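Read through the structure below, which is laid out as structure tokens, and then see the notes.
The values are calculated or read from the model by the stated rules, or taken from the named source; none is laboratory data. These numbers come from a predicted model, not from an experiment. Here the Cβ is made from the backbone with ideal geometry for all residues, glycine too, and neighbour counts use every protein chain on show. Accessible surface areas use protein heavy atoms only, side chains included; no ligands, DNA or RNA. Shrake-Rupley method; radii C 1.70, N 1.55, O 1.52, S 1.80 Å.
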Amino acid sequence: MAGKKLGFYVFFIPVFLWLFLLIVVPHIELFLMSLRTEDWVGNTSWSLANYKNFFSEPIYWLTFVRTAIYSILVTCITAIIAFPVAFFITKVANPRFSGFLAVLLLMPFWVSELVRVYGWMILLRESGVINHFLLQLGLISKSVEMLYNDISMVMVLVYTSMLFMVVPLLSVLESLDDSLIEAAYDLGASSWTILTKIILPHSKPGLTSGAIVVFMLTLGNYLTPNLIGGKSSLWFTEQIYTQFIASFNWNQGAAFGFLLLALSSLIIWIGLKLTRQNLTKVVQ
Amino acid sequence: MVVDLKVEKVSKVFGTFKAVDEVSFEVVSGNFFSILGPSGCGKTTLLRMIAGFLEPTEGQIYIRQKLVNGIPPNQRPVNLVFQNLALFPMMNVFENIAFGLKRRKVEKKVIEAKVKDILARVGLSGFEKKKINELSGGQKQRVAIARALVLEPSVLLLDEPLGALDLKLREQMKVELKKLQAEVGTTFVYITHDQSEALVMSDFVAVMNKGRFEQIDTPQNLYRSPKTAFVAKFVGDNNALEGEMLKKEGEMVLVSAYGHEFWVRAGSYRLGKKISVFIRPESFLLEPEENLSKVNRLKVKIKDILFDGANSKLLCLLPAGPEIMVALPQNKKFAHLKPGDDLNIGWFYEDSLAFS
Amino acid sequence: MKKVLVGVISILFLSVSLGWAQSTLKLLTWKGYAPKELVEKFEKQTGIKVEVTYSNNEEMIAKLRATRGGGFDLIQPSQDRIASVQAKYHIYQPLDYSKIKTENIIPSMLEAVKKNTLVQGKSYAVPFCWGTSGLIVNKKFAPEASDYTDLLNPKYKGRISYRLKRPTLIGLAFALGYNPFELYSNPQEYAKMMEKIGEKLIASKSLVKNYWTNGDALLELLRSKEVFVAMGWDGGGWKLHKENPDIDFVAPKSGALGWIDTFALPAKAKNVDAAYKWINFMLEPENAAYFTNKEGYFTASKGVEKFLLPEIKDNLTRSFSSADIDNIKWYPPVPAQIEAIEAKILDKVKAAR
């Protein structure tokens, strides 16, 4: 009995240490840091000024709102594109072929995000590959700048997020019995009804977990908005970076970090409430 | 006599494989029609063509005299009860049954009345709010049938719906299903590989093999007068003896097998020299009386007794021949038999059939 | 038994960590500041392995701040970013100039750096290389671009790029008639000036193609002729000049911004000896010249002329007249709060529509 307990502790301690030292402690430290402010001379004191700054300075909360809205947009677009893809792979494509398709989806992730983003830049830039072909084909007479705008930024963000939406959808659609679709069809349902009454309700958990992952990843992305987004694409992570690195204001940066955590959790919570789900169900 | 379903020379080819080969039949309104065959015989393909999930390569399907080729399943007046039932897990019992009615834009009040009525018919009154995963196997079965029946289809198709149930429940559901069909009067087309289901419930049974119908008949006729060796083997139990035809007199044939000679009935008109003789275990007489005429007689040795209640059998050895299964009535008359005993058995000429 | 085991393990650890300390130099520097060939030469000469991490001023400071001056043996921040950071965060240790072959260093530069990095009577850096920020111009398309104000010139609409960082603000401040370095000591005035410059940048934001974020991206923009007028470093401009003679570095009329990158020792440097060895190695004329020939930046090393390629010497005379050289605005040490003011302005510019 004692041996059993010991065994449990031996296995539990690394997990506990990992959770505590690498997740809990840094967060506590960051949180304490966010509650301190520094005056011109460098003396620190306790205050909520860092949090107040966020709400009183429009540039900060506007950046957050912008980041959140774009992240929601990216999540929606990703879901709309990923759904037919996942449906095709699981239900339409030949099973032998579908493995290959899944690997194709995975392929962009064999290189780092930076390389992927640079790849897009080479394609889209004014002197880039797409422009070159369009010029050669005579479809345009003058090069067009396709980089440095919100549309291409959203496009690359969607591209980067696709996999994280497709994978949960694959597994949830895999578990959808084909005969349910056939039964609905047999009972007189149109394709649209089958989609809305059978397939979507069944896919809800996968859709939700994919959406949460994509939303968080997009919200926390730094590279893509920075490199593709162009001159006006301020992203909230960039604000945090600026506070930590350029302004040397770690206290403000820590407060922003916590606000990002809290506000994104709030958005997810509202999303779950609106779709009448709960997190434990989704995580399962 | 209204014909609800007419299938005319229907074939289905997948690549080079002919799953269904020129099948034709008719089902009269109100009949319980079964298609019986081993797995892979093409019965599911045939059913899916009738439901509209597959298009025939050749041939026509008529439902109530209307050609339905090319009409998608959601517009055909037939409904299918799936092998795995395919109840919608995200809906409760009421929503499942109301699903088809809602698609037809039936008034809400009417839907509620109809669902209530059909639930009463299948013995599930008050189950409206139950979730699907709260139901037992038999209850799910009934919901699935109710869901299809509530639409009042011209023909109800059932794809081995009892397959997933345990034996006891299956026996019970067989009877219930037959009763329900008689009550509602809907035409049922039922496919199964279980001959007992087909024989118990059906008005007519079609035996299917390798994409073709071997015989369409009443259960009694299938049992008593199989038209092909396949039907003889597949419907009910049978002993097969290989032999040679010596001569033919009218319907009767003299056969020589393993050093014995028997008179048997000819199963088909044209017979070759080499033939198989089929005798059902339950056709054997144990220790037949000497004065009976038109009886073939054999002396065998009991190898084993296979006790299975009412289905108990004797496994006997014919000298220089195959093993023979003989039904053993459980009426104490033959309780003294034990392995190793010699036994006289016999059967009436007409209870055996010969096929090439 | 247990004690023996513990002993063996601790000896193992000790020897490993000692061996590590003796044989490895952890260098945190800018891209290009440790050319592969020189690293190999150094490793051969001394037997010390060099581990290089690339970064920039802000990240160097942040990294050392996070570790309280540990993790690296030698770093190369710009001279103007040392004093205030040291006063506040104590991430450096004073240099022992007796261990440095000062005879290899241009005296005036060494003195300037010593003076600018003086904190409580001790100096913290030696100069390594210097360069300027100014304009990189494609003369075929923008022959008249000559000052920072051309970054706001509607003539070059869509063909302008600069970095949304402090050099741009300071360059523009000079071009608009301010003296930002004098205002360093007066944060209120400095903030007002920066507001004005921010407004200017926002007003002409539509002219900018993109704010570049790293040197390679800038060079690519100019190389592909997507951009004609950019703010950038002289070395980068000269690199492009070699590929395409139309493109060159131009010293702006209001003065190129002169920077000096240095060597400094982190407070918790483990392998100080190796650090001094690397400093002396890099400032040897032959090695310094190799660096200059490759990267285009001039070093603080004395007597490199005979090793320099003629085209490299030519770069300087082509881009800088003697008046231009005199007009170079050398960065004085930055007080800490100045950067927070600038960061806010930069955020505003970036967020503006």
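A few comments on the model shown:
- Among the residues of the stretch C:300-307, some residue qualifies, meaning at least one is closer than 19 Å to residue C:77 by Cα, within 20 Å of the chain's Cα centre (by Cα) and not aromatic (Phe, Trp, Tyr).
- Taking strands (runs of 3 or more DSSP E) as the structural unit, those lying wholly within the stretch C:217-271 and holding at least 1 residues that are not assigned by TED's automatic domain parsing to the domain that holds residue C:150 correspond to C:257-263.
- Residue in the stretch B:83-94 that is of a type in the set (A, V, I, L, M, F, W, C), without any contact (Cβ under 8 Å) to a residue 24 or more places away in the chain, out of contact with any helix residue (DSSP H, G or I) (no Cβ under 6 Å at 6 or more places or on another chain) and within 14 Å of another protein chain (Cβ to nearest Cβ) present: no
- Wholly enclosed helices (runs of 4 or more DSSP H) of the stretch A:84-152 bearing at least 3 residues open to solvent by 60 Å² or more (accessible area, probe 1.4 Å), out of contact with any helix residue (DSSP H, G or I) (no Cβ under 9 Å at 6 or more places or on another chain) and away from chain C (no Cβ under 14 Å): A:95-106, A:129-137
- Cβ-Cβ under 6 Å pairs, at least 6 apart or on other chains, the stretch A:242-260 side at the interface with chain C (Cβ under 7 Å from one of its Cβ atoms), far side open to solvent by 10 Å² or more (accessible area, probe 1.4 Å) and among the β-branched types (Val, Ile, Thr): none
- Whichever residue in the stretch A:18-42 is open to solvent by 60 Å² or more (accessible area, probe 1.4 Å) and under 16 Å from residue A:247 (Cα atoms) and, among such residues, is modelled with the highest pLDDT: A:36
- Looking only at the stretch C:34-88, residues that are in contact with a Pro (Cβ under 8 Å, 6 or more places away or on another chain), free of Cβ contacts under 8 Å to residues at least 40 places away in the same chain and farther than 21 Å from residue C:299 by Cβ come to 1 in all.
- Checked across the stretch B:8-16, the condition of being farther than 21 Å from residue B:195 by Cα, in a loop (DSSP other than H, G, I, E, B) and within 14 Å of another protein chain (Cβ to nearest Cβ) holds for at least one residue.
- Complete set of residues in the stretch B:285-311 that are farther than 19 Å from residue B:243 by Cα and within 31 Å of the chain's Cα centre (by Cα): B:285, B:286, B:304, B:305, B:306, B:307, B:308, B:309, B:310, B:311
- Residue in the stretch B:30-48 that is of a type in the set (A, V, I, L, M, F, W, C), within 14 Å of another protein chain (Cβ to nearest Cβ) and within 26 Å of residue B:197 (Cα to Cα) present: yes
- Residue among B:249, B:244 that is without any contact (Cβ under 8 Å) to a residue 12 or more places away in the chain, among the acidic types (Asp, Glu) and open to solvent by 50 Å² or more (accessible area, probe 1.4 Å): B:249
- Any hit, the stretch B:262-278, residues being among the hydrophobic types (A, V, I, L, M, F, W, C), farther than 24 Å from residue B:223 by Cα and in a loop (DSSP other than H, G, I, E, B): no
- Just one of the listed residues (B:305, B:345) is within 17 Å of residue B:239 (Cα to Cα), open to solvent by 30 Å² or more (accessible area, probe 1.4 Å) and assigned to a strand (DSSP E or B), namely B:305.
- The set of residues in the stretch A:57-71 being open to solvent by 80 Å² or more (accessible area, probe 1.4 Å) and either of a type outside the set (A, V, I, L, M) or more than 30 Å from residue A:158 (Cβ to Cβ) (or both) consists of A:61 alone.
- Of everything in the stretch A:43-56 that is within 14 Å of chain C (Cβ to nearest Cβ) and open to solvent by 70 Å² or more (accessible area, probe 1.4 Å), the residue that is modelled with the lowest pLDDT is A:43.
- Only strands (runs of 3 or more DSSP E) whose full extent lies in the stretch B:179-248 are considered here, and the ones with at least 2 residues that are closer than 18 Å to residue B:162 by Cα are B:187-192.
- Given (1) at pLDDT 90 or above; (2) open to solvent by less than 60 Å² (accessible area, probe 1.4 Å), index of the condition residue C:45 fails: (2)
- 1 or more residues touching a residue at least 24 places away in the same chain (Cβ under 8 Å) and either under 23 Å from residue A:268 (Cβ atoms) or more than 10 Å from chain B (Cβ to nearest Cβ) (or both): qualifying helices (runs of 4 or more DSSP H) within the stretch A:173-238: A:200-219, A:223-227
- Extreme residue, least open to solvent (accessible area, probe 1.4 Å), among residues of the stretch C:66-82 that are within 14 Å of another protein chain (Cβ to nearest Cβ) and part of a helix (DSSP H, G or I): C:81
- Condition check for residue C:217: over 30 Å from residue C:86 (Cα atoms), within 14 Å of another protein chain (Cβ to nearest Cβ) and at pLDDT below 90: yes
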